[in-house]
1. Kindly establish whether B:L240 is of a type in the set (A, V, I, L, M, F, W, C), out of contact with any strand residue (DSSP E or B) (no Cβ under 8 Å at 6 or more places or on another chain), in the same structural domain as B:A160 (by TED's automatic domain parsing) and on the phi < 0 side of the Ramachandran plot.
2. Quick test of your reading of the structure: B:R531 fulfils all but one of (1) under 24 Å from B:D630 (Cα atoms); (2) over 15 Å from the mean Cα position of the chain (by Cα). Name the failing condition by number.
3. So, of the residues in the stretch B:451-488 that are more than 26 Å from the chain's Cα centre (by Cα) and more than 10 Å from chain A (Cβ to nearest Cβ), which turns out to be surrounded by the most Cβ atoms within 10 Å (Cβ to Cβ)?
4. Within the stretch B:314-367, which residues are small (G, A, S), in contact with a strand residue (DSSP E or B) (Cβ under 6 Å, 6 or more places away or on another chain) and in a helix (DSSP H, G or I)?
5. Against the conditions (1) among the charged types (D, E, K, R); (2) exposed (fewer than 11 other Cβ atoms within 10 Å of the Cβ); (3) away from chain A (no Cβ under 14 Å), where does B:R422 fall short? Just the number, please.
6. Can you list the helices (runs of 4 or more DSSP H) found entirely within the stretch B:118-192 that contain at least 3 residues being surrounded by 21 or more Cβ atoms within 10 Å (Cβ to Cβ) and at negative phi?
7. Check the stretch B:282-297 and report whether any residue there is part of a helix (DSSP H, G or I) and closer than 23 Å to B:E434 by Cα.
8. With the checklist (1) closer than 27 Å to B:W554 by Cα; (2) within 12 Å of chain A (Cβ to nearest Cβ) in hand, flag the one item B:S584 doesn't pass.
Amino acid sequence: MRFVSVRGLAALAAGLVLGCGGALAASAEKGKIAFVQHGCWQCHGFQGQGGVTGPKLAPEPLPLETFTAFVRTSNRTMPPYMEAILSNEDLADIHAYLETLPKAPDPKSIPLLNQ
Amino acid sequence: MARKDPRPEVNRRKFLAGVAVAGAATAVTPPVANGATPATLPNAEPPRRPSALPPNMHVAAAETATPKELPRIGGVAGSDFMVDVIKTLDIKYCPSNCASSFRAIHESLINYGGNKMPEFLTCTHEESAVGMAHGYFKIAGKPLISLCHGTVGLQHATMAVYNAWCDRVPVIVIGGNDLDAAHRPPGVPTFHSAQDINAIVRDYTKWDDTPVGLQHFAQSFVRAYKISMTPPYGPVAISLDAGLQQEPIKGNGEKLQIPRYVASSPPQGDTGAVKEAARLLANAQNPIIVADRAARTENGVRLLVQLAELLQAGVIDQGGRMNFPKTHYLSRPATAVSNADVVLGLELSDFWAVVNAYTDNGEHGIGVNSTRVKPDTKLISINSSELLTKANYQDFQRFQTVDVSMPADAESTLPALIEAVRSAIPNDRKAAIEKRGEAAKKAFAEARERTKQAAALAWDASPISTARLVMETFAQIKGLDWSLVASSGNVSNWPNRLWPMEKHYHWLGASGGYGVGYGAPASVGAALANRDLGRFSVSIQSDGDLMYAPGVLWTAAKHKIPLLAVMHNNRGYHQEVMHVQRLSNFRNRVASLGGDMGPIGTSIQNPDIEYHKLAESMGWWAKGPITDPDKLGAVIKEAVAVVKSGQPALVNVWTQPR
């Protein structure tokens, strides 16, 4: 089983991000569209909330570097997305979208979760 | 079966032949009102010469006279005796789609049998009929019979039979068939006949037979019932010849007898193996119990609680049945197996996957295997399915070596195992066991909080989150004696994670064979059983599942089966959405969406199906689509009131994917 450690991911991510040739300002609006077009919603839900098929991505997503590295090299349940099918720009936009998603309410404040 | 006795004189074959002759005569005879002679009009064309000779006296009489009453079939109909046999086994319903190959027993059931025990339930598809029987059993604990047209009907039923097989559920499938090639009607009935109709289901039934006489039928039917109801349960099939059904009982001196049914005792684990299992469990540092279809009854739940508390062992309930209360502090997630030194598997459909992981993300798209447990973990299996392994279909899963293997019924073996464990626990282990329980209580409380936090994510989202869907539903039914009869699709397992499931009927498990299309019919069948017990039935109904055979909605309305169906409508075949996305990624290609949300061929949108209108058209109260989470509770409340009045109700909800 090949597992990539978080530290390894961070090191790899630094290289990947540097290799992007300087990021443009990411767009959360475009990211929301890209999130659907690239199928992220399929496992993680339209708000990145996660479920049995994929972990939550938002709120408070992983740092962009770690996020990018995982998407590019995943050997977990998620198949990797190479740059040929998901550009660095789209990936940054998706991350920007995830960063805009609000925190979930405190479950104690939701009566239906305390029946 | 070939007709051995040509009597009575006007039998079905001669009758049909007579109809054919009369029909041909009618086709060539011009209509003449009241038998009057046609008038010859002035300037009219001269009468055409007849193209055939005038009819003789006999033919003229056949064409114009009142048909002579046909002689009735004398004696007792064979299918009446079949009904007598069926009635001895306390079978309440017969969900079926009508068909000529079983018309005789159909007629006997509703006329001779009074349409009671069993009552014929009109179904619009054989898969729905068998699926209903599947769901019914999981509540009632009793099998139903389902009549199927030979070949074509049984072909429709096969997926539901396979689900019942994989889910270890007894269903008695009776296929009509007309074996006598020399005498059966040509054309359609012959297309619908086969040498051996049961061949198509033989690989996934426990037993089948083709009785050639009425006494043979009596033995076969009681035997079929007995086999299907002996754990491991399973479906059985009987091919019922049309001739045998239709012909009268022959007075050949043989007195027909109906064998008395005596239930077989379930197979229990070998005494030595039980002792060895108890020794391992009693001395384990961290034993874990994994249960799939372990609790066949409420007593199974009680026994499993007893064993778990005796050992203070965590229980992973895989959910094939409601095995263990979700509110119990020893209830553990699947990951708990990683720290185990002894794993007791009870009626597992896949032990390999309990202790191994498969990640569908290896080189060249080939999955990667890894272990979930420590190297020296001891494995114990009690599994009656080992007694029922067939070669063709691969429901036996990958081979897993275990240290103690008991091919036995888990529920029946638990009392002996509990006693053996009680005797095997060394005195110096009791304090450690108690301490284990304290740690489990803390872990359970923490896990509960994490679950609620996860449920709160996207709480106000539209489409509606699956956690919100199930909790809005629960809020409206929590005061009732509820039963979640099916949860088709995938709602991230929220009902099992959040609802206080404690009774055996709170959760019925899934399809078994993962054949899509189980949810709707099984929930109607289970709701039927719950109706008779005064319980409230609710289902989480997915969109793809409902479209396999939506006609079962009509059956529910027709027979006044109250059921609340809350739809998890994510507008796609979501499992397949992800498979195609995965393969696209493996091949480094952008998945083509074709204007939908998911890859081409996986979405159910453009146009969106208005399931509420579909249900309404078949006699259900229905509303939707609901996309605003704040409006969902009020609509479900309305629907609950309808269901409490005895009618089915459906709420179409647009949901998050999972």
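The values are calculated or read from the model by the stated rules, or taken from the named source; none is laboratory data. Computed from a prediction, not measured in an experiment: that's the story for all the values here. Neighbour counts run over all protein chains shown; Cβ positions are idealised from the backbone, glycine included.
1. Working: of a type in the set (A, V, I, L, M, F, W, C): yes; out of contact with any strand residue (DSSP E or B) (no Cβ under 8 Å at 6 or more places or on another chain): no; in the same structural domain as B:A160 (by TED's automatic domain parsing): yes; on the phi < 0 side of the Ramachandran plot: yes.
The answer is no for B:L240.
2. Exception for B:R531: condition (1).
3. Our first condition is that a residue be more than 26 Å from the chain's Cα centre (by Cα); within the stretch B:451-488, this holds for B:451-465, B:467-468, B:471-472, B:475-476, B:478-479.
Next, only the ones that are more than 10 Å from chain A (Cβ to nearest Cβ) stay: B:464, B:476, B:479.
Values: B:I464: 25, B:Q476: 23, B:G479: 9.
Among those that are more than 26 Å from the chain's Cα centre (by Cα) and more than 10 Å from chain A (Cβ to nearest Cβ), it is B:I464.
4. B:A334, B:A336
5. For B:R422, the failing item is (2).
6. Values: elements: B:126-140, B:152-166, B:188-191.
Once the helices (runs of 4 or more DSSP H) in the stretch B:118-192 are filtered for at least 3 residues that are surrounded by 21 or more Cβ atoms within 10 Å (Cβ to Cβ) and at negative phi, what remains is B:126-140, B:152-166.
7. Within the stretch B:282-297, the first condition is being part of a helix (DSSP H, G or I), and the residues that meet it are B:282.
Remaining after also requiring closer than 23 Å to B:E434 by Cα: B:282.
For the stretch B:282-297, residues part of a helix (DSSP H, G or I) and closer than 23 Å to B:E434 by Cα: present.
8. Of everything listed in (1) closer than 27 Å to B:W554 by Cα; (2) within 12 Å of chain A (Cβ to nearest Cβ), B:S584 misses just condition (1).
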